Amino acid sequence: MQATAVVTKAKMDTLQKIHIWAARSGWIFTAGFLFAVLPWFGGGIPPMLKPTDTPEAVWAFYSGQKYWVLAGAWIGMSASAFYYVWGGAIAAMLRRTEYGRPPILTYTQLGAVGVAVFNSVLYFFVMAWVGFRVETMDPKMIQHLNDFLFIQLEFEVFPLSLWAVAMGLSILLDKSKDPVMPRWVAWANFWYAGLVMSGQFMIFFKSGPAAWNGVLAVYWPAFVFFTWLCIMSSQMVKAIKKYDYAAGEARANLEVYT
């Protein structure tokens, strides 16, 4: 019995360490993503191009730093893998709040993070495509692909907002004696879901603060997104450290076998 207890405790400690690592993987994604879009790589933040630039100017930018663009695409694609791990870690923890009822909010989170990861992967996939054959591509084609990159990066916030709303509702609906997260974290998610939407208007403008190189389309949503990511990562680590994994596993087994 004593040996079994030791093994069980070791198993629970391992599960906790894995979950903490997964919760911190959001910071790995953040570092890799931001590094990959720096000016000397993809030139995404801050934007080195403008919607009003000529096809020749866009082509000159990509052809002049072809291998930097390819390196940025490689780094960003690698970092994107950690995005899904982070989202899965949050969904797994917030699943606790839906014991006893259909896990609609948990599945909504997983679906939304899947879309978010796909968008991140697609962004770096197209970046690699542009860099791979830039010297033989027509400048107008490069211009269109560059527009696609920025629109795809900044116009994808609807799934992100839905993801945040699902997390916020999960936290607010947690009526347990020991809630997974403080209620203020739910309101931080709702704050994020609304404020990040400023980038949605960039498809109507080619200049000014709402264009894809403007403050409302790039800098503000990026600030809101990474602030939210840091809040959720830190709160996740705190939640994991206080969670009773042995009790959680027993409850999960009860749900499966009864």
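The values are calculated or read from the model by the stated rules, or taken from the named source; none is laboratory data. This is a predicted model, so every value here is computed, not measured. Quick reminder, even Gly has a Cβ in these numbers, built from the backbone with ideal geometry, and neighbours come from all protein chains shown.
Annotations for the structure displayed:
- Pairing each residue of the range 163-185 that is free of Cβ contacts under 8 Å to residues at least 60 places away in the same chain and over 14 Å from residue 236 (Cβ atoms) with any residue that is assigned to a loop (DSSP other than H, G, I, E, B) and not β-branched (Val, Ile, Thr), provided the two are 6+ apart or on different chains, yields C-beta distances under 9 Å for 183/174.
- Residue 253 falls short on exactly one of the conditions (1) assigned to a helix (DSSP H, G or I); (2) modelled with pLDDT of 90 or more; (3) not aromatic (Phe, Trp, Tyr), and that condition is (2).
- For the range 37-59, filtering for residues that are crowded, with 16+ Cβ neighbours inside 10 Å, at pLDDT 90 or above and of a type in the set (A, V, I, L, M, F, W, C) leaves 2.
- When 21, 86, 27, 74 are checked against the criterion of being part of a helix (DSSP H, G or I) and more than 30 Å from residue 182 (Cα to Cα), 74 stands alone in meeting it.
- Restricting the search to helices (runs of 4 or more DSSP H) fully inside the range 122-198 and requiring at least 3 residues that are of a type in the set (Gly, Ala, Ser) and surrounded by 15 or more Cβ atoms within 10 Å (Cβ to Cβ) gives 157-172, 183-195.
- Residue list for the range 209-235, restricted to those being out of contact with any Asp or Glu (no Cβ under 7 Å at 6 or more places or on another chain), within 27 Å of residue 85 (Cβ to Cβ) and among the aliphatic types (A, V, I, L, M): 222, 224, 229, 231, 232
- Which numbered condition residue 94 fails, given (1) farther than 20 Å from residue 218 by Cα; (2) within 16 Å of the chain's Cα centre (by Cα): (2)
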